[in-house]
Each structure stands twice: as C-alpha cells, then as structure tokens.
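Taking it in order: structure first as structure tokens, then the write-up.
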Amino acid sequence: MTFEKKLFINGVWQSGKNFYDLKSPFNGEVLGRIPMADKNDVYKAIDSANAAKLQMRRLSALERSEILEGVALEFEKRFEECAQVLVKENAKPIKYARAEVQRTIETYKFAAEEAKRIGGETVPLDAAKGGKGRFGFTKREPVGVIAAITPFNFPFNLVAHKLGPAFAAGNTVVLKPASQTPLSAILTAEIFEKAGLPPGALNLVIGKGGEIGDLLVTHPDVKLVTFTGSFEVGLKIKQLAGLKKVILELGSNSAVVIDSADNIVDVAKRCVEGAFSYSGQVCISIQRIFIHETLLDDFMKSFIELTGELKIGDPKEIETDLSALIHEKEAIRVEEWLEDARRFGANIICGGKRQGAVLEPTVITDVDSSLSISCHEAFAPIVTVNPYSDWDEAINQVNDSQYGLQAGVYTTNVDKAFDAVEKLEVGGVIINDIPTFRVDQMPYGGIKNSGTGREGIKYSIEEMSDLKLAIFTL
Ligand code: NAP
C-alpha cells in the first residue's frame, strides 16, 4: 500500500484536496495520509452510484453471486495483509484480527449464496371475492443507491455486512467508513475492483462523519441509509433521513444471567471472553453480569483468576489479549465513569487502571444501575457483577436498560430458558452462552435504543430490496 491514499469514485482512484494523518491507536505511528472527501466528492460519489444503478440491476443473480465469490477468494489471498491492517489501524490483537478476516470471508460467501436465492411468491388473489380471475406474484427489486456508514470496531466484517447484501440484491453503494479505519475500507474497495464489480457500483468517501454524514443522509438519490455505530449518531441519522429507509445497528450494555450451570468454570471462561475480547469494544460485549447469589463465590473465584491471566500489550504479538482502546479519550471517559462509581460505593475488584489509551480489564461490584458505568454503553473492558436471589428480579434488571441488542442466559431449567426468551426485551436471546455470540448469517439487530432492522445476509437483503407485486388479469 502506498502512504498517500485515494478516494474511490466511479471506479477511479482519485486524490483528495485535504488530508489527515492516520495514527496507530497503540503507538501513534503514522500509518498513512488519508484524503478527506469534500462536498463535491460526496455528490460525485452519489451521482456515480446513481448512474451505475441500471447496470447493477441488470446483472443476473449468477453474475452478482460470482462477483461476491471473487471477493471472498481475494480476501483469502490477502488474508494476512488484511489482519495486519486491523492490528495497525484498530490496535486489534492479531488473534482477533485474523478471526475477523475469517468471518469477513464467510460473510461474503453467505452473500454470494444468498444472491442466488432472492425470490418472491405467488399470491392467491382469488381467495377474495373481488380477486377471481387474477394471478399475482411478488418479486424483490433493488432499492437503488445505498449510503453505508460504518464504525471502527469490525471494519472489514461490518463493511461486509453492508456491501455483501447490498450487491447481492443489485444495489449500488456509497461507503463512508469510520475515520480511524479507512485502510480496511480502501483494501475492501481494491478487492471489489479486482473482483469485477462494475465501476460506480461502489464508491468510497472518507471524512469526518459530522461533516459529510448529513450530505449522504439527506441526498434525494440515496434511497436507504444503513448505519452501524453509536445511538447518538443513529438517532441523528433517523431524524434527518425523512422517508428514506434506515437500518440502524446501534450499541448496548449487554447482560448475561447466570442462574444455574453444570460447570461454573466454563461459564466464567466464556464471560471473560465476552467481557474483554477486543477490550470490550464489541456492541454485544458483556457489560452486566447478573448471577444467582448461591453461585457468586465460585464464579468470582474463577472469573477473577482468569481475568488476571489476560495479557495486555502490543496488538501484533500473538499472546496479546487486550491492547489500546481506539482513542485515549475513550479510556479517559471510562476512567471517569469508574471514579464516579467508586464515589457512589462501587467496589473495583480488579483492574481499573489506565495507561494512555490502555485500560486494564476491570471487574466491578455494588454498582447502582443508574450510574453511567451500568446504564450507558461502556465500550471498554469493564464488567459489573450483580448477585440476585429471585429469577424475575434478574429478568427485570436485564430489561432495565435503554438498550436491547442480545442477552445471554445460563440455566439448566428448560422452563426458565423459555421464560427468558419470552420476557427479555432484546433482539436475540442466547441460552447457555454469552450475549456476545454471533455468526454472520443469523438475524442480528436490536430493539429499543439498540436500533431498527436486522443484519445477517438474508435479512439485510430483505431490508435492502423493495417488494413489488404483479397482478395478471386472466
Ligand atoms: P460512531 O461514533 O457512532 O461512528 C460510526 C460512524 O458514523 C463513523 O463512520 C462516523 O464517522 C460516523 N458519524 C459520526 N457522526 C456522524 C454524523 N453526524 N452523521 C453521519 N455519520 C456520522 O461509532 P463508533 O465509535 O465508530 O463505533 C462504536 C459504536 O458502534 C458503539 O456504540 C457500538 O455499540 C456500535 N456498534 C454497533 C454494532 C451493531 O451491529 N449493533 C456493531 C458494531 C458497533 P467518524 O469516524 O468520521 O466520526
């Protein structure tokens, strides 16, 4: 990769007028000179996507599928290069970086498969008195130009969750990645170009969301906005988007209930992964643990011990479990929340210290649910542990949240498992595992302030296409 980067508009790599230095969150190394799209670049990108609409729409299902298969293949060839990009621009520890690239390949493969399965149904119109002599069927059509705005934390795979289904359904896209993760988006655009995506179908604009986001969201030629990121930005987008379709994949303060388990050490192990993987910068990271009081001591013993074994360090080292947060200001914010919690009687059982952008994995008890560390999304390696005595109380505490993405429930009682599925106010309930479980074809998304719409290729395709009804009069 060259040091000075370019924007990708209408199938052409073009220079910018203004630039910023992209720095590694871990050591401040300057990783590249990144062009910032201005208003004209954004409009040009939208015009290109609009002009490429017809060509994309006319591609056969097989042609769309083959492009996506080609993308998956190219990611396989450039696997290690992609993983190293995540280490650099995200400070993502290499083992998690490789796992993300692996998932990205799978996501594009699912998209290639789903491109072949977009169908409709016949509609029995003559079941109505007025429908005699009519034959109806439905088909799905691409919406047209999609604006995709993505976050920093899974910059390959969450972009794949936008581009894969968008192209599978025959749309065109203007992609705006997070300012901290342009390199992965540039690499993705290179791969699509190599795989033979028609020029103009994918346009990459880079720049501050607060400056160019509105242009994308309000432009009349953009028919759908798909956004993954924070609640605050998601709300703003929804308010601006008017009648456009909007998919919002937002944050959470995910909870797990541990009511009973065959092996509490295994549960503790999974909770360590769920709370601290990628330093908790995962939208379904465990932030709140609710555990039956009879299990508390055994759980805490293993949980604290295993947390203490986590290695903090350089993301390029294979032993590293946790590294820098994306910006030092995020670590400072959480440090302040912890300080606040301590003032109000919380106990920091382990961790809590910050060095620059690195925050230790932190376990905290006796936290009032109204404190920021519990009720807002931490997006950091922090978890609160709360004992309970009554099952309904645990369910109510999970639901006592502005968010509702996924929840995990450990129980050996099948009635309680069904009760949890029934009562938890979330988009997904994971029985006998952590809320952090996700594979890329499953329907994924939240309720309440965690968003609207679902990802998981088949489900995104439904969102990213319009249903058309045809009626033949016989
Ligand atoms: P963010 O600050 O909301 O940014 C997300 C994207 O929105 C970035 O590309 C950002 O650009 C852009 N943006 C910022 N202000 C904007 C505006 N006014 N209009 C349009 N776009 C704007 O989120 P983040 O810090 O990157 O990511 C963390 C958040 O994402 C967390 O809340 C996490 O839970 C959520 N998330 C949710 C899911 C899910 O599937 N539910 C998955 C992953 C992450 P800049 O980078 O230039 O500011």
**Item:** Under 5 Å, built H, 5+ apart or other chain: amide partners of Asp466
**Value:** Glu141, Val143
**Prompt:** For segment 337-474, with every protein chain kept in place, what is the accessible area per residue (1.4 Å probe, Å²)?
**Reply:** 44
**Where segment 183-285 is the region considered: accessible area per residue in Å², 1.4 Å probe** = 33
**Request:** With a 10 Å radius around each residue's Cβ, average the other Cβ atoms per peptide and rank 185-191, 270-276, 398-404, 340-346, highest first.
**Result:** 270-276, 185-191, 398-404, 340-346
**Prompt:** Taking a 29 Å limit on the Cα-Cα distance, which of the listed pairs Lys208/Lys329; Lys53/Lys139; Lys236/Lys269; Lys223/Lys458 fall beyond it?
**Reply:** Lys236/Lys269
**Item:** Beta bridges per DSSP with both ends in the chain, % antiparallel, nearest 5
**Value:** 45
**Prompt:** Over the chain, what number does the Rg to Rh ratio reach, with both radii from the alpha-carbon atoms and Rh per Kirkwood?
**Reply:** 1.00
**Request:** Given the peptides 93-100, 256-263, 358-365, arrange them by the average over their residues of other C-beta atoms within 10 Å, most packed first.
**Result:** 358-365, 93-100, 256-263
**Item:** By average C-beta atoms within 10 angstrom, highest first, the peptides 176-183, 452-459, 284-291
**Value:** 284-291, 176-183, 452-459
**Prompt:** If you put +1 on each Lys and Arg Cβ and -1 on each Asp and Glu Cβ, how big is the dipole of the chain around its Cα centre, in Debye rounded to 20?
**Reply:** 2340
**Asked** Of all DSSP beta bridges located in segment 255-440, what percent are antiparallel, nearest 5?
**Response** 20
**Request:** On the protein heavy atoms, probe 1.4 angstrom, tell me the percent of accessible surface of the chain carried by carbon and sulfur.
**Result:** 52
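The values are calculated or read from the model by the stated rules, or taken from the named source; none is laboratory data. Here the structure is a predicted model, which is why all the values come from computation and not from measurement. No Cβ is skipped: glycine too gets one built from the backbone with ideal geometry, and neighbour counts run over all protein chains shown. For the accessible areas, the whole protein counts, side chains as well, though only heavy atoms, and no ligand, DNA or RNA atoms are used. Shrake-Rupley method; radii C 1.70, N 1.55, O 1.52, S 1.80 Å.
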